[in-house]
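K.L.:
Provided herewith is a single structure, encoded as structure tokens, for subsequent inquiry.
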Amino acid sequence: MLHKMKLQESPFERIKNGTKTVKFRLYDEKRSKIKIGDQIEFSKLPDLQETILVDVLDLYREDTFENLFKKLFTDEDEIKKKTKSMYQYYSPDEEKQYGVVGIKISLIRCGFRYTYNKLVRDKIPENIDSEPGRKSKYRILDNKEYLNELNKKVIEEANEFIEENSIEELGDLMEVINALMELKGYKIEDVYKVMKEKADKKGAFNNKIYLEYVDEEKRNLEEEKELNKEFRK
């Protein structure tokens, strides 16, 4: 079984370089699920991009950190120092409630995890997995999630086109729009029909007109609502 935990930089680096081989924790609900032979994936705080994977070799259970350290170490000063340091993270009440555990570990591998959580093109996972040292993790969205991610993707690709104004980025934007059309069941001829109707009524964007402001004698709540939309700010 694989367990996932977060670690501050110092203990993370010590496990990584092999100077820390036992991890000390409360024997709480999460830690009580760990068994010998399981694996733990530690992610380094704060960005959680770097990871290490370890095997669980042994588990040392005791009622207090002091008794745990007495089991593993012989130097009295070291035992006192380690016990005191654990109370910086856990209270005596928590120690009494859960007990404690020492998790003996062995490093399997180090790596970096880059979390995207975004919609990607169909062949991206295949391309990633074909490269040595890279492995993707993905899932298939349902239609509700798919629509939500396509909406985000339109904004992403529009911003990338704004940055470069290149035909490649315009093509990416059109790809997302085509996916939206297919999901919603819109036909291209119907889209062009709607475009023409609006162009006949309001015009297109061919004359480069830039509206600065409109003066009105009466308050226009509909106009204010439109102007206050988040994407206009």
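Since every read-out is calculated from the coordinates, none of them should be taken as a lab result. Here the structure is a predicted model, which means the values were calculated and not measured. Cβ sites come from the backbone with ideal geometry, for glycine too, and all protein chains shown count toward neighbours.
K.L.:
Could you put Asp215, Asp38 in order, starting from the residue whose Cβ has the fewest other Cβ atoms within 10 Å? Could you put the intermediate results ahead of the total?
P.N.:
Numbers: Asp215 4, Asp38 15.
If I rank by nearby Cβ atoms, fewest first, I get Asp215, Asp38.
K.L.:
Please arrange Leu68, Leu53, Leu150, Leu183 by counting, for each residue, the other beta carbons lying within 10 Å of its beta carbon, fewest first.
P.N.:
Numbers: Leu68 25, Leu53 15, Leu150 18, Leu183 12.
Ascending number of Cβ neighbours within 10 Å: Leu183, Leu53, Leu150, Leu68.
K.L.:
For the chain, what does the helix formula give at 222 nm: sum of -39500 (n - 2.57) over DSSP H segments with n ≥ 4, over the residue count, nearest 500 deg cm²/dmol? All intermediate terms of the calculation are to be shown ahead of the outcome.
P.N.:
On the way: 9 runs with 102 residues, N = 233.
For the chain, the value works out to -13500 deg cm²/dmol.
K.L.:
Report the charge-dipole magnitude of the chain in Debye, nearest 20, computed about the Cα centre from +1 at each Lys and Arg Cβ and -1 at each Asp and Glu Cβ.
P.N.:
Details: 47 positive and 50 negative charges, 221 e Å.
The dipole magnitude comes to about 1060 debye.
K.L.:
Modelled label-to-label distance, Asp200 and Leu45, 7 Å Cα→beta-carbon offset: nm?
P.N.:
6.4
K.L.:
Let's test this: bin the Cα-Cα distances of region 2-112 at 5 Å from zero up to the farthest pair and state each bin's percent.
P.N.:
Histogramming region 2-112 at 5 Å steps yields 2, 12, 22, 23, 22, 14, 5, 1 percent.
K.L.:
Within 10 Å of each residue's Cβ, count the other Cβ atoms and sort Thr51, Thr74, Thr64 from fewest upward.
P.N.:
Listing Thr51, Thr74, Thr64 from fewest to most nearby Cβ atoms yields Thr74, Thr64, Thr51.
K.L.:
Round to the nearest 0.05 the FRET efficiency obtained for Asn165 and Tyr186 when R0 = 25 Å and r is the Cβ-Cβ distance.
P.N.:
On the way: r = 26 Å, r/R0 = 1.05.
Result of the calculation: an efficiency of 0.45.
K.L.:
Further question: Any idea what log10 I(q)/I(0) is at q = 0.15, 0.17 Å⁻¹ for region 82-127, Debye with uniform C-alpha scatterers and no solvent?
P.N.:
Here log10 of I(q) over I(0) equals -0.70, -0.74.
K.L.:
Nearest 5 percent is fine: what portion of the DSSP beta bridges confined to the chain is antiparallel?
P.N.:
Details: 22 of 28 bridges.
Percentage antiparallel, nearest 5: 80.
K.L.:
Working out 0.36 nm times the residue gap between Met174 and Lys71, then minus their Cα-Cα distance, what length gain in nm do you get to one decimal?
P.N.:
Values: separation 103, 0.36 × 103 = 37.08 nm, distance 6.52 nm.
Full-extension gain reported as 30.6 nm.
K.L.:
Just to be sure I understand the model, the point goes 7 Å from the Cα along the line to the Cβ. What's the resulting Lys81 to Arg14 distance in nm?
P.N.:
Result for the modelled spin labels: 1.0 nm.
K.L.:
Between [x] 15; [y] 49; [z] 8, which matches percent of Cα pairs over 33 Å apart calculated for the structure shown?
P.N.:
[y]
K.L.:
If a/c stays under 1.5 just call it rounded; otherwise compare a/b with b/c (prolate if a/b is bigger, oblate if not). Do that for region 143-205, with a ≥ b ≥ c from the square roots of the Cα gyration tensor eigenvalues. Intermediate values should be presented prior to the final figure.
P.N.:
Numbers: a/c = 2.21, a/b = 1.19, b/c = 1.86.
The shape class here is oblate.
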